[in-house]
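Participant: Here you go, one structure.
We did not get these values from a lab; they are worked out from the coordinates using the rules stated. Please read all numbers here as calculations on a predicted model, not as lab measurements. Heads up, the Cβs are rebuilt from the backbone with ideal geometry, glycines too, and the neighbour counts pull from every protein chain shown.
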């Protein structure tokens, strides 16, 4: 009995020693994980601060050097998109350890979103063409297909026209608001026509009848001078 109890005591001491070693390893790993997490959080805060500081300098530069209101709005919109993309990239690289799996997942998600939101993406791209240097503004008179009207709003996905009756300068509103997708700029069949501000070109046809025995050279010279 004493021999058996001695063996059990030896085994118990061995188990205690293994348990103590395992507890020490767990404590060490826990401390290392906490230190790594703190380092990652500090790096995340520094990276986000850098992105926000760059965005603030970008905003001040826009307000300082871009004086045109329309161009300023475009640059501010580009800044906002770039800022959010930068924040998203910082968060992804801060909390993701397996970049390969994330890249595969992001590729599948991007393909699905591009397929499902194809028209929306084309409309968003068309928005930047509409607000470009030779685009349209609120108050411009345009013609889209068979609809003529004045631009009342330009959104990120579609723009709205106040329909006008006829195509002359004294056309009256019909009381209807027509909405068009911004993707119309990429459609060759729908055509977007913009009238030059301050002008009103109307096609007039004049029919002239001449006698068969008239001198066509003299008539041509006379009509050309008039």
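Participant: Would you work out the relative contact order for region 30-116, in percent, from Cα pairs under 8 angstrom that are 6 or more residues apart?
Facilitator: Result for region 30-116 is 34 percent.
Participant: How far is it, in nm, from the label point at residue 147 to the one at residue 93 when both lie 7 Å from their Cα along the line to the Cβ?
Facilitator: Label at residue 147, label at residue 93, 4.5 nm between them.
Participant: Hey, another quick one. Pull out the extension gain between residue 104 and residue 44, defined as 0.36 nm times the separation in residues minus the alpha carbon to alpha carbon distance; nm, one decimal.
Facilitator: 19.2 nm
Participant: Enter the angle in degrees (range 0 to 90, nearest 10) between the Cα long axis of helix 69-95 and the first principal axis of the Cα atoms of the chain, meaning the one along which they spread out most.
Facilitator: Once rounded, one gets 20 degrees.
Participant: Could you work out [θ]222 nm for the chain from helices alone, using -39500 (n - 2.57) per DSSP H run of at least four and dividing by all its residues? Round to the nearest 500 deg cm²/dmol.
Facilitator: Computed ellipticity for the chain at 222 nm equals -21000 deg cm²/dmol.
Participant: May I pose another question? At q = 0.17, 0.24, 0.25 Å⁻¹, what is the log10 ratio I(q)/I(0) for region 137-194, with the Debye formula run over Cα points and no solvent?
Facilitator: -0.49, -0.96, -1.04
Participant: Per q in 0.09, 0.17, 0.18 Å⁻¹, report the Debye log10 I(q)/I(0) for the chain, using one uniform scatterer on each alpha carbon and no solvent.
Facilitator: Values, matching the q order: -0.71, -1.25, -1.30.
Participant: Here's a follow-up. Compute a Gaussian network model of the chain, connecting alpha carbons closer than 10 Å, and tell me which residue from 163, 213, 29 fluctuates the most.
Facilitator: Greatest mean-square fluctuation among the candidates belongs to 213.
Participant: Arrange 33, 165 by Cβ neighbour counts within 10 Å, fewest through most, would you?
Facilitator: The order, fewest Cβ neighbours first, is 33, 165.
Participant: Next question, about the same structure. Can you pull the percent of Cα pairs in region 30-116 with separation above 22 Å?
Facilitator: 50 percent
Participant: Something else about it: Note down the nm distance, to one decimal, between modelled labels 7 Å out along Cα→Cβ at residue 35 and at residue 68.
Facilitator: Here the answer is 5.7 nm between the modelled labels.
Participant: Continuing with the same structure: Once the Cβ-Cβ distance between residue 195 and residue 76 is put in as r, and R0 is 30 Å, what FRET efficiency do you end up with, to the nearest 0.05?
Facilitator: The calculated FRET efficiency here is 0.60.
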